[in-house]
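Student: Take a look at this one; I'll ask things after.
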Amino acid sequence: MDLKNRLIAFAQTFNDVQIDHPFAKFPEYQVLRHRKSGKWFGLLMTVEKQKLGLEGTEMIGILDVKAAPEMVSIINQSRGYLPAYHMNKNHWLTALLDGSVSEKQLQSLLRDSYERTR
């Protein structure tokens with residue numbers, strides 16, 4: 001199982017989670033949300049590196065999560081993290097799914113985002 005699917009499986013261990021594909025233009029994008037409220041706590045995408053300000057035209061997997069603004073400003077300076085792609089850059093961040101961020105850290109970010117959006 002690849003990292004993206006392991007993160008989805010991890011998110012499904014939380015209570016009341018729904019995973020869907022809301023964008024007809026981008027059917028591979030997956031939104032992780034609270035079933036009752038509909039609030040998002042994660043967004044899994046595959047985008048071209050250059051759209052993220054990275055070199056190259058290859059596709060790369062990313063995870064957007066909500067985080068405390070203080071954490072966003074600090075963590076965005078770390079390897080494997082970027083300002084949020086298509087989300088509020090003060091409250092969300094993007095983590096690369098290329099191995100530069102550990103799976104344990106990604107799980108921690110997902111759990112925090114889940115709790116923050118309850």
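The values are calculated or read from the model by the stated rules, or taken from the named source; none is laboratory data. Fair warning: this is a prediction, and the values are worked out from it, not measured in the lab. Here Cβ is always computed from backbone atoms with ideal geometry, including for glycine, and neighbour counts include all displayed protein chains.
Student: Report, by residue number, each residue of the stretch 1-29 that is assigned to a strand (DSSP E or B) and charged (D, E, K, R).
Tutor: The one that is assigned to a strand (DSSP E or B) and charged (D, E, K, R): ASP20.
Student: Looking only at the stretch 60-77, decide whether some residue is in contact with a strand residue (DSSP E or B) (Cβ under 9 Å, 6 or more places away or on another chain), exposed (fewer than 15 other Cβ atoms within 10 Å of the Cβ) and at pLDDT 95 or above.
Tutor: Within the stretch 60-77, none of the residues are in contact with a strand residue (DSSP E or B) (Cβ under 9 Å, 6 or more places away or on another chain), exposed (fewer than 15 other Cβ atoms within 10 Å of the Cβ) and at pLDDT 95 or above.
Student: Under 9 Å between Cβ atoms, at least 6 apart or on separate chains: pull out the pairs that start in the stretch 1-12 with a residue that is free of Cβ contacts under 8 Å to residues at least 60 places away in the same chain and of a type in the set (Asp, Glu) and end on any residue that is exposed (fewer than 15 other Cβ atoms within 10 Å of the Cβ) and assigned to a helix (DSSP H, G or I).
Tutor: none
Student: Any residue in the stretch 88-110 that is assigned to a strand (DSSP E or B), on the phi < 0 side of the Ramachandran plot, in contact (Cβ under 8 Å) with a residue 24 or more places away in the chain and more than 11 Å from the chain's Cα centre (by Cα)? If you could, list the steps in order and put the result at the bottom.
Tutor: Restricting attention to the stretch 88-110, the residues satisfying the condition of being assigned to a strand (DSSP E or B) are 92-96.
From the residues that got through so far, the ones that are on the phi < 0 side of the Ramachandran plot too are 92-96.
Pick out the ones that are also in contact (Cβ under 8 Å) with a residue 24 or more places away in the chain and you get 92-96.
Next cut, more than 11 Å from the chain's Cα centre (by Cα) only: none.
No, because not a single residue in the stretch 88-110 is assigned to a strand (DSSP E or B), on the phi < 0 side of the Ramachandran plot, in contact (Cβ under 8 Å) with a residue 24 or more places away in the chain and more than 11 Å from the chain's Cα centre (by Cα).
Student: Report every pair of residues separated by at least 6 positions or lying on different chains whose Cβ atoms are under 6 Å apart, first residue within the stretch 56-75 and hydroxyl-bearing (Ser, Thr, Tyr), second modelled with pLDDT of 95 or more and not in a helix (DSSP H, G or I).
Tutor: Matching pairs, first to second residue: THR57/GLU48.
Student: Could you go through the stretch 30-53 and let me know if any residue there is touching a residue at least 24 places away in the same chain (Cβ under 8 Å), in a helix (DSSP H, G or I), among the aliphatic types (A, V, I, L, M) and touching a strand residue (DSSP E or B) at 6+ places or on another chain (Cβ under 7 Å).
Tutor: yes
Student: Is at least one residue of the stretch 15-35 among the polar types (S, T, N, Q), surrounded by 11 or more Cβ atoms within 10 Å (Cβ to Cβ) and closer than 16 Å to TYR114 by Cα? Working first, answer last.
Tutor: We begin by selecting, within the stretch 15-35, every residue among the polar types (S, T, N, Q); these are 15, 18, 30.
Going one step further and asking which of them are surrounded by 11 or more Cβ atoms within 10 Å (Cβ to Cβ), we end up with 18, 30.
Restricting the remaining residues to those that are closer than 16 Å to TYR114 by Cα gives 18, 30.
Looking for residues that are among the polar types (S, T, N, Q), surrounded by 11 or more Cβ atoms within 10 Å (Cβ to Cβ) and closer than 16 Å to TYR114 by Cα, one finds at least one in the stretch 15-35, hence yes.
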